[in-house]
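**Q** Can you read through this structure? Questions will come right after.
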C-alpha cells in the first residue's frame, strides 16, 4: 500500500514538473523560434528560412 502511494506520488510529481516546464518553456522556445524565422508559411510546421537579418537591422548602430 505504501509503495503504491509512493509510486503514484512520483507520477503526479513528474506530471506536474512536465506541465510546468511546458507552460514555462513552451512560449520562450516559440519566441526564440519566431525571432530567427525569416519566412514561415502556413502549411509548414517550422520556418522555411532561418536568419538573423532582422536582428542585424535592429542592433545596427544606425538601426531603425
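The values are calculated or read from the model by the stated rules, or taken from the named source; none is laboratory data. Values in this document were obtained by computation on a predicted structure and should not be read as measured data. A quick note on method: Cβ atoms are made from the backbone with ideal geometry, for glycine too, and the neighbour counts reach across all protein chains shown.
**Q** What number of residues within segment 8-52 satisfy the criterion of being exposed (fewer than 10 other Cβ atoms within 10 Å of the Cβ) and in contact with a strand residue (DSSP E or B) (Cβ under 9 Å, 6 or more places away or on another chain)?
**A** Qualifying residue count, segment 8-52: 1.
**Q** Failed condition for residue 25, given (1) in contact with a helix residue (DSSP H, G or I) (Cβ under 7 Å, 6 or more places away or on another chain); (2) modelled with pLDDT of 95 or more, with all others met?
**A** (1)
The rows are residues; the columns are (1) modelled with pLDDT of 90 or more; (2) under 18 Å from the mean Cα position of the chain (by Cα).
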site: 3; (1), (2): no, no
site: 11; (1), (2): yes, no
site: 14; (1), (2): yes, no
site: 19; (1), (2): yes, yes
site: 32; (1), (2): yes, yes
site: 35; (1), (2): yes, yes
site: 43; (1), (2): yes, no
site: 47; (1), (2): yes, yes
site: 61; (1), (2): no, no
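**Q** Another one. List the residue pairs whose Cβ atoms are under 7 Å apart, where the first residue sits in segment 5-32 and is in contact (Cβ under 8 Å) with a residue 12 or more places away in the chain, the second is surrounded by 10 or more Cβ atoms within 10 Å (Cβ to Cβ) and assigned to a helix (DSSP H, G or I), and the two are 6 or more positions apart or on different chains.
**A** none
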